[in-house]
Structures are given as structure tokens and as C-alpha cells.
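A short worksheet on the structure shown next.
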Amino acid sequence: MSMFEDIPVDVGVIYEGERIRRNDMHIELGGPDIKEKFELARVKKPEEIEDGKITIVRPDLKDMQEGKSYSFGILIEVAGPQLEPELEGVVERRIHAYCNFIEGFMHLNQRYDIWMRLSKKSFQKGLNSFEYIGKVLHRLFKSELPIIEKMQVTFFTDPEKVKPLYNEALGIYEARDARARGLKDEEVDRFYGCALCQSFAPTHVCVITPQRYSNCGAISWFDGRAAASIDPKGPVFAIEKGELVDAEKGEFSGVNEAVKKKSLGEITRVWLYTSFGYPHTSCGCFEGVAFYIPEVDGFGIVHRGYKEASVNGLAFSTIADSTAGGRQVDGFHGLSIEYMRSPKFLQADGGWKRVVWLPKEVKERVKDFIPAELVDKIATEENAKTVDDLKAFLKEHNHPVVEHWKEAAVVIAEATPTETREEAPAVPVITASTLPLTAGGFKIILKDAKIYAKKVIIHSEKTEKKGESIAKK
Amino acid sequence: MSKKGVHVKVDEFKTDVGLFKNLELSIGRIVEEKWAEPMGPTPFPEITTLRDWDMKLLQRYKPFYLPFCDVCCLCTFGKCDLTGDKRGACGLNMAAQQSRIVLLACCIGAATHIAHARHLVEHLMEKYDRNTPLNVGGLNIDIEAPVTRLVCGIKAERLKDLEDALEYCEKQVTHLLSATHTGQEGSNLDFESKVLHAGMVDQVGMEIADLAQISVLGFPKADPEAPLTDLGFAAADVSKPTILVIGHNVPSSVGIIDYLTDKGLLGKVEVVGICCTAHDITRYSSMAKIVGPISWQLRYIRSGLADLIVVDEQCIRADALVEAQKVKAPVIASSPKNCLGLENRTENPSEQVISDLVEGKVPGALILNPDKVGEVAVETVLKVAPKRNKFSIIPKKEEIIKDAQECTECNECMRACPNNMPIPKAMKAAAKGDLNPLADILEDCIGCGRCDSACPNDFPLHSFIVKAGEEQLLKEKFKMRVGRGAIQDVEIRNVGGPIVLGEIPGVVALVGCANYPKGGKEVAEIAEEFAKRRFIVVTSGCAAMSMAMVKDEEGKTIYEKYPGAFDAGGILNVGSCVSNPHIAGAAIKIASIFAKRKLRANYEEIADYILNRVGAVGLAWGAMSQKAASIASGFWRLGVPVIVGPHGSKYRRMLLGRKDIDEDWYVYNARTGEKVYVGPTPEHLFTAAETKEEAMVLIAKLCMRPNDTSKGRAVKLTHYIDLHKRLYSVMPDDIHLYVRNQADIPITMKDEILKILEKKEWKEMGIPDPTLLPRLIRKTKGE
């Protein structure tokens, strides 16, 4: 027997990508034409909840006029001993996925921005009451999130009732965001790790803290917390923070231990807030990369969607290639956009003071989190397309890195290329060192010598990129 | 980049440093190496280099032979009966003989593409510049030739660099072909290993051909928004003089477009194409149009709409000249591989050839210079078209009805029809004046014309069928996105995660010829089904054309409805037959760009990665040719399963897994070294489906991989179960083999599946980091 035998339409993951066009829709809930709409999850005390109760503050679907848009609110109230208010956001975001599993029921966006449509076809099949939607949600939530012991759902479509609740919801979102953004790494004992990407980056372990989103931008500390408790065998696990080794760079004994274990000993130390030394590893699905530009002693940032060459002449894919695969590469740092909004963002390297270039699109998105005095000093593709342009721009706008330029010049002179390349060149058949024809003081006589080589490979000599070792200091 | 054969001989040479007497220095090859990636373990693999990997595959996916013919008649010992456990006079048994024929087919296929590539590269080097830089996608592509890098270990930067790889391919095919001689290879598994080798070098050959033409001829460069082109009988304005090009090798067609451009005649002459030349000429010029796939040759020639026909090579009807003569259209043959018995006029003055053709002194000419083909074709067609006045040999309706009344319903036509079309019945209706049943046949007809040959009354049955459906045919015009070429590195980076984690349930490649049992509409239906399910659908060749020939209620084809990006829900036409390596290349790039596996000459590891992690499946629904056989085998060796349509069983053998044998489905967990059961993922490497329903269920099933995360497996299972339930009306009977733990169960089917698992006494399994190669087991550092 299927879980949804009593639902008039099919329910399944395959409907997730279904789009319902205006011509095919029976009615619309929320959306651009409706100002007041919301979805909200709240954690309650068990006694406050009647499990499985579905309430409709009318009109119901069957009483709605075809082709019209309606005010809409959905309130999911849950209870369970392990449920904490911190997890409300996690529960709430599943409303989107679960609604979309329903054939002919589309859910777009989230929170106060939701936009849902019911298709004519599904309405004709009998999906004519919120009762059904509520049942589907109740069953899916309880089967997927066993930490929910009791759950009740209320649908609001009466504009008079939606309005006050909408205002209340806005307040709750704001408080929740403030709490989430305000939560500091110092204030928790546990971080979360994610090893999901190990299937393609076997030594990569994402460390997720309140102030550092996962590289992919998809998992916050709260999500990690929920995931680890819901599915203890899953890819997300708790990391006991342990001792603070270095507050500036973000080194924690617990993190080092966990990463060492999960990377099979490959990675032994991680500094969370810097791009140098022991930077966080990069997987393959990071949203953007911070890359060091030695010529200006600053960081460029390029995101996945940027199609042109970055300011250093390299495209995202090339830059991504130099850091992906679970490696720690000095000066290259795969990151999420959300991490750029964190006060810990590249903290040890100077944070935003060290960022010199990023695509306009990203700049717009994170503008509010860039210190006001720096916003205009950071270049985008509109200001600089080459490193020379960039130098000029930074100088003209007196970007903080400019002050370091003289200092840096000295460092370059001192820097010795100590790094050994991990990739040794193929061994050539003959090299100067094995056949020291040019050795001074000797005379070499070759008589009747035959040298035969099937193939000789000539490597062009590589010059060490000095910049990479500068900022280690 | 690479210089060959340096030899220095010095009798006596005195310097400050030393004295050299009789010094001979001989260097086979000097290679200037600019590529930082170190050489992998298997550069330019010989025919036995990857044999161990092949045997791993063949042990799990055992060859299952379907003899198409029970005897061997390849030498004068024979014919030898090989039925049962008999052996032939040379000692060969049935299994080895069947695999030997498969190898022959794959050698033919590989040789065809490699020779095609050789011709293209030499022609382009001569006409343009040996040093033309290779460019398939500008900034968006770093890995210009994933297959060539993987197999050969070279990084080609300029046109001339491709020669090393070509030489390698040619050498391999010669070795492989020699193994089919009487008294050479005796083991069927070794024949099979060689089949896989042929497929692999075939992929290199194809990649080179497409790389060269994309770079030099300015085809779309990995463009998701490659332009839409017109396709169909009504695609071109045939009131103008019309040149039809047929085949695969584009230079002569390019010659035509270039000549038209030079003379300011573009738009005054229509250039239409059939088969892959049509793909490639529309990648070259927006002025060219597509008639349709390989199966449309007879109907279009007989319709008389083409005033002149230019054939190059591959998949061209051997009777193209005979048919063209019937409609008084001159033929220009332009490839040394397909001379059609015509006199070689390459060195004759053009005016002379043109006048001979115009006056009908000769039915056609062989011209082995693409530019000259352009000139002669255009000048001839301008003069021939008015004289021909679209002369057609398609009979009038009344004639059909009259002939139909004389039909004895002997059923010979139906017997001859590869798809058993009910022609006698349709003739009976036609006798009564109803041509609709004949028109219905046209939709599914693959255009082989065997009915014509079979008819004891010598009725041109194929022409009858065409006439019956003509009204519709002449109205039809569809939109197809022209071949975009490679997949961008950035696209790979975007979808690499979701594919490897299983959130994009799979990459489905709908490729191959148009020998469909029930018409090309099925291909369109399959493509749309999987695009809707948010798979990535890639296509090429005749399949790419067929799927354009269906419109929805708004009159849109799937190319207008679905994006052309390599992303969930996209439908991408990569191009012609030789564009297929872009599909293999995408799988390879997922391993190399996304997962950072070393690419260079590292075949085994990459194939192991793809087999265990990349949910890609090929469907060659109408596969007909030997080329299709070698293309498929190139995918097998890389770990990509291929499904063929009902005619595909005539390839004589399948590579089938046995889900009932647990021992076959163990892999190493690379993190611990232990051997773990992972279920039959993917279940087969090569199998045939009888119906489109069966094909669809198989596609969904064969996308499962041992590495799927729980979320990914749940998504893949959902599609498999959903399609199975919808198309067979029951739950599949093997779900328990694919559920590893409770989180794998599709959330909307939990109760139902838990009950099934209980019945099957299912036990939870782990999800390993899977590999078949013990050397890839990771060592924990510091232990």
C-alpha cells in the first residue's frame, strides 16, 4: 500500500521540477500579485499540539474561483524532545520540497515570498482541499524527520487572517536571521563536518561553523545540526570544537582531529579563517574562489557564474581547477557566497581589507557586508580587466593593500621557493646532470658512442611563482 | 610540438670540453613538453595494455552470443558449421567466431572514422594552416580533447599535433584487423578485449575529426545556445535550384557554401543535407538546411526536389546514382571511399565537367577536390534546375490505385520489410482508393526500399508509400538546434556534484542511426520523458534529427522547449557522428575536472571512476552501422552502458550482467580495502530492448551506480520504480538489490518498499568508495 493511497493525485520526487504555466493553473496562492503571504514553522510544547490536525481558515481550494490569486499562509507547528527553536528554519525549508512532490502543485521561493499554483488537471483529479496537502506534508515530515513527534498544519486563505500573521511572521524571520547571523563560533561547543563531497574529493572535509557556511553554500551550522541529529549515519557529523589553538587563524584541536580522521590522515591541520598556511580544503562544488593576486598583494574573488576571464586572466574553471579536489592550496580558497557575509571571512588575511576585485554581480549581493569605507575601493570587471588596470584602480582609490606594496617588495626578495611541486616531471632519457658534458675542469672523450633514444621529452623550465609564498610571513 | 627522426653522426669533433669520435646520436622523436601534468601509466596503449581492465569488465558483463548466422564462410576451409559445440576447420568455436565478427564490424567502424579524421585533418592543414590553433570552446574549455588526452597522453594545441594521435589509431586498427585473420586469436574473450580497444581508438579518431572541423571551420564552440535550423521536406525553398548533400565528411559541402558566398549566390541556390553532412553543414552555415536522417535518401531523391546530388562518404545508399538518374539529377561523388564507378574528373577543366553534366553526357562525376566540387556543383545546378523542372518519379495517386488493384497480396514486401510493415493490407485499402494506411507506413518507414526489390510485380512500393504521405511531408518543417560541439568545463563543474551524488539522476545519450522499428517519434518521446525528469539528455547524429520531427500542440519541437545546456532538463545536440566523443568527454571531464582524477594517459582509473560513479547511459535506438558498433564499444570500455533497439541484437552479442549472482557485484571500498557487495549497478554493459517502454525502464535502472549517495539513489530509484509501474503496471522485482539502507528508499514510497524488503529478507549494506582496482585503495597516512 502506498503512503498516499487516499490522495487523489500522485506524490513523488519526480514532480519536483514541474512548472505550472498560467494557462494550466486552476488557482494561485501568494505570488507576485499578492502582498501578504508566508510560510512558517514553529517549535511548540507537545501539549500544545494535536498530532495530525489540519485546520483550514477558509476559503478552501474547492471554494476558490478559477484563475484567481489568493492570500496565503501556512503554519507548521511541531514538537519533539530533540526539537529546538534553532531548527525551525530547517523544518520550514522542507515545505518547499514536499509541496513540490505533489503532482500538479507547484511551490516557488520561500518565507514571505512564496508562490504556489495548483494545476487544472490535478484539481479535476480531485485535489480540491488543503486537507490533502496537509496530509501529505504531515506524512512526509514525520517519516523524513523522525525527531518530529507531533505536528499540526494550518492553512490561511482569509486575507483578514493572513494579514496579522504575515506581519508576525516577518518579525519572526527577522529575529531568526539576527540570531543566526549573531551567533558566533566562540559561542558554540560543536561545529559540524560534511563528508558528502568525498565521493569526488576524497580528502575533503567541510567544516561548518556558525560563521562559516559549507563551501557549496547549501549547509549552515543549523542545517548541519539538524542533519546530524536526524541522520546520525549520514554524511554530516558533529565535530567537538576542542581547544582553541589560534583564534586569529581559526585553528581548533577538535577540528584538526576530525579532519585528520576523515581525510585518512591526508589533512592534519586546518585554519578556518585564512587562505594561507593550512587553508580549508576545497571540494569541487564551491560557489566561488578567493585567489591571491601577488602583483597587488590582495585577493580576487570569482564565482561560478562568471563567464569572462577574471582580472588575472584566468577563467573560473581554471582557477577552480588549481584548488579543487580536497587539497590545501596556498592562496586559493573555495568558498560560499554566504561566508563572504561573515565577520570571520578571511579574517587572518585582513578580511575585506585584502579583497581587491570581484565580479559586479557578487559585489551587489554582498554589498551590505562590505565595510562602507571599502565598497568603492574594491574593483569589479567594470573597473579592471587586467592586473595593470587593477593596480591603477587600487592606487587611485587608495585601497588598503596599496600601503603594503613597498613592504611586499622587500618580502619578495627574501622569499625563497621552498615548496616542492607535488608533480615531479617525467624522467627524461638524457639530462644534463646524467651526462655532464659541460662539467668544468674535466675533459670527456666519447669514442664510438651510440646514443639512441626512442623519444626525448623536453620540458620547458618552470619559474616558481614567488607570490605564493609571500603572505605566509 | 613534436619532431620526428633526428639522426646525427659525427666522425670527429673536438671542443674544449671533450673529444667525440664516431659519435652517433639517434633520436626517434623529440617532444617539447609544455604540459605540467605528468605522463600517466598508459600512453598510446597497445592492444594488450588495457587487457586486464577489459577482463574485469568481461568477467562481470559476460558476452552473450546471438549468432546471426551459424556458419563461418571467411576462408576456403569453409563453410564450417559452428552450431552446438562444433568447431570449424581452423579450430574456432561459435563464441570466438561471433566475437570475431563483432571485432571485424568494430574495425570497420573505427577505420571509417579514423580515415574520415585523417582526410579532414590533411585537407584542413593543406587548405588552411598546419599551425591553426585548436579551439573548441575558447575560455570555457581547457581540456580541448579529453579522449585524446586520456588515451594518448598528448595535449594537442595545433592542427598538426593531431597527426601523432591519428598515426596511433591507424596502427591500432591494422593490428586489430590482423587478429581476425584465420589462425590468429582463438579466445572469444580476447576478441572481446580487442573489440573494446577498437572502440577506444575509434573515439580518438572521431574526437580528432570534430576537433579539427570545429576549430578550423568555425562551428559552434560548446555553445548551449547554438542556433536553431530548419529541418524537414519543407525546410528549404525548393523552387530554387537545390543541391542535396549526403554523407558525413563536410569539406565538399563547405566548398559549395564557400563558392556560393564568393559569387554572391547565397540565397539563390538551396543547399540541403541528409545524414551527418547535414549536421555539419548547418554547423558551418545558417544558409544550409536539413532534409532528414539517413532513412530519407530514397524518398527525397525520388521526389525530384534535388536538382543535383553531392555525395561524400559513409551511410550513402549504394544506389544513389541509379536513383538520381531516374530523376535526371546529376551526381558528384567527392570521396575516394565512394567513387560510384564515376570517371575521375578532378583534373579536367571545370567548364568541361559542367557542360558534360548539364547536357546529360555523363550521369555524374568524381571530383576529389572540395573547392572544385563547390564550383562544379553550383554552376551545374544553376543550369540543370530549369531543364529538370523538379522531375519526379513519384507516381500519381491514380496510378497507385490502379496498380494496387493488381496486387496479389503475396506478402513478399512485408516479409522483406525489416520492420514488418503491413504493406499488403495498405495496398488492399489503396485498391479501394484509401491511401491513408500507406501514408501511415511512411511515418515508420526506414526507407530501405527492400519492398521495391521484393515485389514480383515490380511496383515501386516505396514510392507509393511516399506519395501517400506526400501531402503531409511537403508541409513539414521542424526546428533543430545545430550541433553545439563539446561540453564546457564550467558546465561540468556545475553538474559534476549533482551527477556524482546522484541528484541529477543521469545523463542519457540518444545516439545512432535511424533504423527504428516504429519510427523516430519514439526517440523524441524518450528524450522528452527524461528531460522532464531532469536527466541531462544528449544526442547526436540521425537520432538528433529524428527527435526534432515531433511538434507539441503549440507547434514546438523539443529543441524549442528544452534548453541546450548540459544541465538537468537540457536536451543537447552535440552534432554529427564524429561529435559523439563530446559525450564520452563529458563523462571523462567529470572525473578529471570535477573529481581531479589525473587524466593524462590514465585510462583505467578514469574508466573505473565512470563505471562506479557517473550515471551515464547510451541508447542507440536505431543503430544500424558498423560505426554504431564501434561507437558503442568505445563507451563500454569507459564504463558507460549502452542499450540498442530490437535490431541491435543483430550485432550478435550482448554484454549482460547477472543480478542473481552475488559474487559478480563486489567492489573494493577504496577507503578500507574491504570487498563490498554493491548490487547490480549498472546491471548490463550492452543490452537490447524490444520496446520503447523497456528501453525507458532500462535507462532509469542503468543510471544507478555504487557511489550514489542515499539522496541520489532515492531519486534514481523513484524514476526506475515510477517508470516501471507506469509502463508495466507492477513494481519491479529487484528493488531489494538497489536499496542499501533505509535512507535510499524514495520517501513517498516508504511503506510500500519496506514491506517488499521485509519479504525479500533484505539486509542493510554500506555505501563504499567504490573501485575495481586494488591499486586505488587509499592508504591512511601516518600508519
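Bear in mind that the values in this text are calculations on the coordinates, not laboratory data. Every value quoted in this text rests on a predicted model; they were computed, and no experiment measured them. As a convention, Cβ positions derive from the backbone with ideal geometry for all residues, glycine included, and neighbour counts pool all protein chains shown.
Let me make sure I get this right: for region B:328-453, a, b and c are the square roots of the gyration tensor eigenvalues over alpha carbons, sorted descending. Under 1.5 in a/c it's rounded, otherwise prolate if a/b > b/c, else oblate. Which is it?
Prolate.
Out of residues 5 or more away from A:Tyr70 or on other chains, whose amide H comes under 5 Å of its own, with H placed 1.01 Å from N in the peptide plane?
Result for A:Tyr70 returns A:Glu28, A:Leu29, A:Gly30.
Would you mind putting A:327-338, B:506-517, B:203-214 in packing order, based on average other-beta-carbon counts within 10 Å, highest first?
B:203-214, B:506-517, A:327-338
What percentage of all Cα-Cα pairs in region A:1-95 are separated by more than 20 Å?
Considering region A:1-95, 56 percent of its Cα-Cα pairs are separated by more than 20 Å.
Please arrange B:Met125, B:Met624 by how many other C-beta atoms lie within 10 Å of their C-beta, fewest to most.
With the sparsest Cβ surroundings first, the list reads B:Met125, B:Met624.
Taking 8 Å as the Cα distance limit and 6 or more residues as the minimum spacing, I'd like the relative contact order of chain A as a percentage.
Relative contact order comes out at 11 percent.
Using square roots of five times the C-alpha gyration tensor eigenvalues, list the equivalent-ellipsoid semi-axes of region B:233-388 in whole Å, biggest first.
Square roots of five times the eigenvalues give 19, 17, 16 Å.
Charges at C-beta only: +1 for Lys and Arg, -1 for Asp and Glu. How large is the resulting dipole of the protein assembly as shown about its Cα centre, in Debye rounded to 20?
The calculation lands at about 1320 debye.
Using unit Cβ charges (K, R positive; D, E negative) and no other charged atoms, how large, in debye to the nearest 20, is the dipole of region B:410-459 about its Cα centre?
About 180 debye.
Please work out the FRET efficiency for the pair B:Asp237 and B:Glu359, using the Cβ-Cβ distance as r and a Förster radius of 41 Å; give the result to the nearest 0.05.
0.95
Limiting things to C-alpha atoms, what are the Rg and the maximum Cα-Cα separation (Dmax) for region A:25-81, in angstroms?
Spelled out, the Cα radius of gyration and Dmax of region A:25-81 are 14.3, 43 Å.
Residue farthest toward the positive end of the dipole of the protein assembly as shown, with Cβ of Lys/Arg at +1 and Asp/Glu at -1: which of B:Val715, A:Ala178, A:Pro159?
B:Val715
For a 31 Å ceiling on Cα separation, which of these pairs sit above it: A:Lys53/B:Lys532; A:Lys360/A:Lys395; A:Lys260/B:Lys62; A:Lys45/A:Lys184?
Cα-Cα > 31 Å for A:Lys53/B:Lys532; A:Lys260/B:Lys62; rest within.
In angstroms, what radius of gyration and Dmax does region A:239-303 have, counting Cα atoms only?
13.4, 40
Going out from 0 in 5 Å bins, what whole percent of all Cα-Cα distances in region B:52-133 drops into each bin?
All Cα pairs, binned at 5 Å, distribute as 3, 12, 15, 14, 12, 12, 9, 7, 7, 6, 3, 1 percent.
Please report, for the Cα atoms of region B:431-515, the Rg to one decimal and the Dmax as a whole number; what are they, in angstrom?
For region B:431-515, the Cα radius of gyration and maximum Cα-Cα distance read 21.6, 62 Å.
Ordered by packing density, taken as the mean number of other Cβ atoms within 10 Å over each peptide's residues, highest first, how do A:59-72, A:251-264 rank?
For the peptides A:59-72, A:251-264, the packing ranking is A:251-264, A:59-72.
Express the relative contact order of region A:187-404 as a whole percentage, based on alpha carbon pairs under 8 Å and six or more residues apart in sequence.
19
For the protein assembly as shown, what is the convex hull volume of its Cα atoms per residue in Å³?
226
If R0 is 35 Å, what FRET efficiency do you get for B:Glu525 and B:Lys477 from their C-beta distance, rounded to 0.05?
0.95
Where q = 0.08, 0.10, 0.11, 0.14 Å⁻¹, what log10 of I(q)/I(0) comes from the Debye formula for region A:187-404, counting one point per Cα?
-0.27, -0.42, -0.50, -0.80
In peptide A:316-322, what is the residue-averaged number of other protein chain Cβ atoms found within 10 Å of each Cβ?
5
Put +1 on the Cβ of each Lys and Arg and -1 on the Cβ of each Asp and Glu in region B:417-513; which of B:Ser463, B:Ala426, B:Val507 then has its Cα farthest toward the positive end of the dipole?
B:Ser463
Taking only the alpha carbons of region B:410-459, what extent do you get along each of the three principal axes, in Å, biggest first?
Largest to smallest, the principal-axis extents are 24, 23, 13 Å.
Semi-axes of the equivalent ellipsoid of chain A: what are they in whole Å, largest first, if each equals the square root of 5 times a C-alpha gyration tensor eigenvalue?
54, 25, 23
Evaluate 2.2 N^0.38 Å with N set to the residue count of region B:692-783, then give the Cα radius of gyration divided by it.
Taking the Cα Rg and dividing by 2.2 N^0.38 Å, one obtains 1.27.
In peptide A:193-203, how many Cβ atoms from other protein chains are near each Cβ within 10 Å, on average?
Mean partner-chain Cβ count within 10 Å for A:193-203: 5.
Going by C-beta contacts inside 10 Å, put B:Ser392, A:Ser322 in order with the fewest on the left.
The most exposed by this proxy come first: A:Ser322, B:Ser392.
Place the peptides A:229-237, B:137-145 in order of packing, highest mean first, counting for every residue the other Cβ atoms within 10 Å and averaging per peptide.
Per-residue Cβ counts within 10 Å, averaged per peptide and sorted highest first, yield B:137-145, A:229-237.
Can you run the Rg to Rh ratio on region A:104-172? Use alpha carbon positions and the Kirkwood inverse-distance Rh.
1.00
Could you go through region B:90-103 in sequence order and give the Karplus-derived ³J(HN,Hα) for each residue, using 6.51 cos²θ - 1.76 cosθ + 1.60 with θ = phi - 60°, rounded to whole Hz, and x for Gly and Pro?
8, x, 7, 9, 4, 4, 5, 5, 5, 5, 5, 5, 4, 4
What 222 nm value per residue comes from the helices of the protein assembly as shown, counting each DSSP H run with n ≥ 4 as -39,500 (n - 2.57) and dividing by all residues, nearest 500 deg cm²/dmol?
It comes out at -10500 deg cm²/dmol, rounded to the nearest 500.
Under the definition of Cα pairs under 8 Å and six or more residues apart, what whole-number percent is the relative contact order of chain B?
For chain B, the relative contact order is 14 percent.
Which whole-number value in Å³ per residue fits the convex hull of the alpha carbons of chain B?
Hull volume over Cα atoms, normalised by residue count, gives 212 Å³.
As I understand it, the value is the acute angle between the Cα axis of helix A:404-414 and the longest principal axis of the Cα atoms of chain A; what does it come to in degrees, rounded to 10?
The two axes meet at around 50 degrees.
Could you give the dipole magnitude of region A:129-279 about its Cα centre, charging the beta-carbon of Lys and Arg +1 and that of Asp and Glu -1, in debye to the nearest 20?
360
How big is D for region B:540-695, in µm² s⁻¹ as a whole number, if Stokes-Einstein is applied with the Kirkwood radius of its Cα pairs at 37 °C and 0.692 mPa s?
Taking Rh from Cα pairs, D becomes 188 µm²/s.
Bin width 5 Å, origin at 0, all Cα-Cα pairs of region A:13-182: what percent of pairs per bin?
Values per bin, smallest distances first: 1, 9, 18, 22, 22, 15, 8, 3, 1, 0.
In what sequence do A:Trp405, A:Trp115 fall when counting other Cβ within 10 Å, fewest first?
A:Trp405, A:Trp115
In the protein assembly as shown, if the dipole is taken from +1 on Lys/Arg beta carbons and -1 on Asp/Glu beta carbons about the Cα centre, which of B:Ala544, A:Thr209, A:Val245 is farthest to the positive end?
Sorting the options by dipole projection puts first B:Ala544.
Per residue of region B:712-726, in order, report the coupling 6.51 cos²θ - 1.76 cosθ + 1.60 (Karplus, θ = phi - 60°) as ³J(HN,Hα) in whole Hz, putting x for Gly and Pro.
Taking θ as phi minus 60°, the curve returns x, 4, 4, 5, 5, 5, 4, 5, 4, 5, 4, 5, 4, 5, 5 Hz for region B:712-726.
Shielding by partners for A:6-12, please: the mean number of other protein chain Cβ atoms within 10 Å of each residue's Cβ.
Average neighbour count from other chains, rounded to a whole number: 2.
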